[in-house]
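Worksheet: one structure, shown below.
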Amino acid sequence: MPLHTGHQEPDDHPVTVNPFYAGANPVGGMTEAPPKHRLPDGPLPPATAYQLVHDELMLDGNSRLNLATFVTTWMEPHAAMLMGECRDKNMIDKDEYPRTAELERRCVAMLADLWNAPDPSAAVGCSTTGSSEACMLAGMALKRRWAQRNADRYPGARPNLVMGVNVQVCWDKFCTFWEVEARQVPMDGDRFHLDPQAAAELCDENTIGVVGILGSTFDGSYEPIAELCAALDALQERTGLDIPVHVDGASGAMVAPFVDEDLVWDFRLPRVSSINTSGHKFGLVYPGVGWALWRTAAELPEELVFRVNYLGGDMPTFALNFSRPGAQVVAQYYTFLRLGREGYRAVQQTTRQVATGLARRIEALGDFRLITRGDELPVFAFTTAPGVEAYDVFDVSRRMRENGWLLPAYTFPANREDLSVLRVVCRNGFSSDLGDLFLDDLGRLLPELRQQPHPLTRDKSAATGFHH
């Protein structure tokens with residue numbers, strides 16, 4: 001979450017209250033308006049407090065039109081009902097809410113089976129607040145296992161983690177928070193993610209693991225996990241270094257099993273030690289819930305697991321936080337039951353068809369060049385075509401926002417900082433009809449954009465709204 005500072009100016013402008021909000025006393029709200037940046041002296045009627053917050057939130061963007069986020073923005077009413085019924089349940093109180101804990105255990109078992117664990121009953125896992133926490137836990141396990149293998153050299157030696165420069169920011173956070181050197185494979189030409197051989201060349205005796213992304217948030221492409229494991233197999237044959245792989249499957253781990261069944265990326269590869277996913281992305285659950293799984297208990301050092309006698313029960317936990325809601329875990333189990341494999345396959349295949357179809361139609365406009373086509377994650381990136389000089393991707397993003405579309409424009413990282421793109425995430429709920437409306441609005445803007453004397457965005461770093 002972003003860090004905020006307190007309000008720096010005098011609190012001269014209290015919240016404005018419509019007289020109709022004040023109930024039986026229409027002028028009450030006008031004479032007793034609450035301040036914005038300090039606690040009010042007294043209470044407000046619930047209807048008044050609700051309306052004040054409701055009205056301010058109307059200025060937020062429409063989440064269904066947010067093409068930047070991977071996070072689920074629509075669920076069935078029945079799922080919302082279950083979440084409402086569980087909003088008061090604390091996920092950490094497993095002794096008090098044993099059935100909620102059982103649903104969490106079943107979800108872990110289902111994912112172990114889905115991801116082809118050699119023995120699903122031997123796999124271990126947990127729910128998290130999202131993929132960021134799941135990645136932190138996986139990274140901690142990698143570091144602790146490395147430290148155990150190198151007890152004679154650590155803490156003197158500095159551990160490192162190898163990954164592509166395209167990883168989500170949570171991996172940079174992990175390396176900073178847990179004092180691990182981040183060794184990143186840069187982009188090169190039209191390769192926008194990790195290169196297996198380049199990753200292997202960065203490994204040494206201090207490497208705790210290599211992270212493979214399924215798939216990249218920059219362009220929606222899968223990283224070649226099988227090729228990465230093969231490169232590390234060859235490295236072990238040459239040097240004896242046995243480097244584990246963690247698959248950050250925040251989105252792809254809930255896409256590939258259903259629509260890319262022949263793609264080998266999961267626990268079928270012996271070198272894959274752990275996998276994470278976001279239940280609140282293509283797991284189709286409202287935020288926030290994630291999942292982290294390890295091939296066997298041996299992959300998760302026992303000393304990282306806390307066994308707490310809490311309110312009368314023995315509770316093994318592996319988490320960065322303690323209390324958190326159980327509603328999202330319940331919603332994940334509901335969605336697994338509701339859809340099953342065939343239902344998930346239908347949903348993910350539909351989103352991919354929407355993505356690939358919309359990508360082709362955008363390319364056909366002639367003003368844009370596709371970077372990816374939505375045929376892996378249902379996500380694609382595109383930039384302006386050669387010869388388009390009157391406007392850039394930041395102009396397109398700004399103008400599409402006028403029609404309610406939240407279309408991210410951003411610049412790629414090191415070695416391809418010359419490339420700025422737009423990206424479309426096609427989630428469940430972004431239908432082909434909405435795709436038609438998006439294309440209509442984009443088509444209507446192009447004649448105006450073509451008449452600009454030059455791109456109008458001066459500070460591209462400030463214009464970039466892509467952070468996830």
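The values are calculated or read from the model by the stated rules, or taken from the named source; none is laboratory data. Since this is a predicted model, take the numbers as computed values, not measurements. Every residue, glycine as well, gets a Cβ built from its backbone with ideal geometry; the counts of neighbours run over all protein chains shown. The area values use the complete protein model at the heavy-atom level, side chains included, leaving out ligands, DNA and RNA. Shrake-Rupley method; radii C 1.70, N 1.55, O 1.52, S 1.80 Å.
Between H37 and A182, the simple spin-label model (points 7 angstrom out along Cα→Cβ) gives 3.2 nm.
Surface analysis of the range 32-124 yields an accessible area of 61 Å² per residue, using protein heavy atoms and a 1.4 Å probe. Once you divide the Cα radius of gyration of the range 252-302 by 2.2 N^0.38 Å, the number left is 1.26. Under the shape rule built on the C-alpha gyration tensor, where the axes satisfy a ≥ b ≥ c, the range 359-459 is oblate, since a/c reaches at least 1.5 while a/b does not exceed b/c.
For the chain, relative contact order (Cα pairs under 8 Å, six or more residues apart, normalised by length) works out to 18 percent.
Highest mean first, the peptides 151-164, 404-417 sorted by other C-beta atoms within 10 Å per residue fall in the order 404-417, 151-164.
For T384, the residues 5 or more places off, or on other chains, whose built amide H falls under 5 Å of its own are R369, V393.
Summing Lys and Arg as +1 and Asp and Glu as -1 over all other residues whose Cβ lies under 12 Å from the Cβ of A200 gives a net charge of -3.
For V245, neighbours were defined as the other residues whose beta-carbon sits under 15 Å from its Cβ, and their charges (Lys and Arg +1, Asp and Glu -1) total -2.
For trypsin sites (Lys or Arg not before Pro), the sites in the range 248-290 that DSSP calls loop and that have at most 15 other Cβ atoms within 10 Å are R268.
When all protein chains stay in place and ligands, DNA and RNA are ignored, the 1.4 Å accessible-area order of L44, L142, largest first, is L44, L142.
Local charge for A385 was computed over the other residues whose Cβ lies under 11 Å away, with Lys and Arg +1 and Asp and Glu -1, and equals -2. Ignoring solvent entirely, what values of log10 I(q)/I(0) come out of the Debye formula for the range 400-452 at 0.14, 0.25, 0.30, 0.32 Å⁻¹ when each Cα is a single scatterer? Scattering profile of the range 400-452, log10 relative to I(0): -0.50, -1.05, -1.19, -1.24.
Evaluate the Kirkwood expression for the hydrodynamic radius of the range 344-411, namely the inverse of the mean inverse distance over all pairs of different C-alpha atoms, and round to one decimal in Å. Taking the inverse mean of 1/r over all distinct Cα pairs, the range 344-411 comes out at 13.0 Å. Couplings 3J(HN,Hα) of the range 349-361, computed from phi: 5, 5, 5, 5, 5, 4, 5, 5, x, 5, 4, 4, 6 Hz, in residue order, whole Hz [Karplus 6.51 cos²θ - 1.76 cosθ + 1.60, θ = phi - 60°; x for Gly and Pro]. Relative to one another, the C-alpha centroids of the range 190-231 and the range 314-368 are positioned 23 Å apart.
One decimal place: the segment E102-L320 gains 76.4 nm when fully extended, by the rule 0.36 nm per residue minus the C-alpha distance. Could you check how much of the accessible area of the range 249-334 is carbon and sulfur, as a whole percent, using a 1.4 Å probe? Taking all protein chains in place, the range 249-334 shows 57 percent carbon and sulfur surface. Near the amide H of Y410, within less than 5 Å, lie the amide hydrogens of V421, all on another chain or at least 5 residues away, with H placed in the peptide plane. Residues H13, H280, ordered by accessible area of protein heavy atoms at a 1.4 angstrom probe radius and largest first, appear as H13, H280. Peptide packing: for 48-54, 375-381, 282-288, the average count of neighbouring Cβ atoms within 10 Å per residue gives the ranking 375-381, 282-288, 48-54, highest mean first. Taking 7 Å steps out from each Cα toward its Cβ at T69 and R238 produces label points 4.5 nm apart.
Per residue, the convex hull spanned by the Cα atoms of the chain measures out at 195 cubic angstrom. Quarter the surface of the alpha carbon convex hull of the range 98-175 and you get the mean projected area, 7.2 square nanometres.
Averaging 1/r across all pairs of distinct Cα atoms in the range 276-391 and inverting the result yields a Kirkwood radius of 18.1 Å. Considering the range 57-208 at the alpha-carbon level, its Rg and Dmax are found to be 20.1, 59 Å.
Distance between the modelled labels on R307 and Q451, one decimal in nanometres: 7.4 nm (7 Å Cα→Cβ projection). Once a ≥ b ≥ c are taken as the square roots of the eigenvalues of the Cα gyration tensor of the range 213-305, is the result rounded (a/c under 1.5), prolate (a/b larger than b/c) or oblate (a/b not larger than b/c)? Because a/c hits 1.5 or more and a/b fails to exceed b/c, the range 213-305 counts as oblate.
In this structure the amide hydrogen of E181, modeled in the peptide plane, comes within under 5 Å of the amide hydrogens of N160, L161, none closer than 5 places in sequence on its chain.
Split the accessible area of the range 94-147 by element, probe 1.4 Å, and carbon with sulfur accounts for 51%.
Using only side-chain charges placed at the Cβ, +1 for Lys and Arg and -1 for Asp and Glu, the dipole size of the chain relative to its Cα centre rounds to 340 debye.
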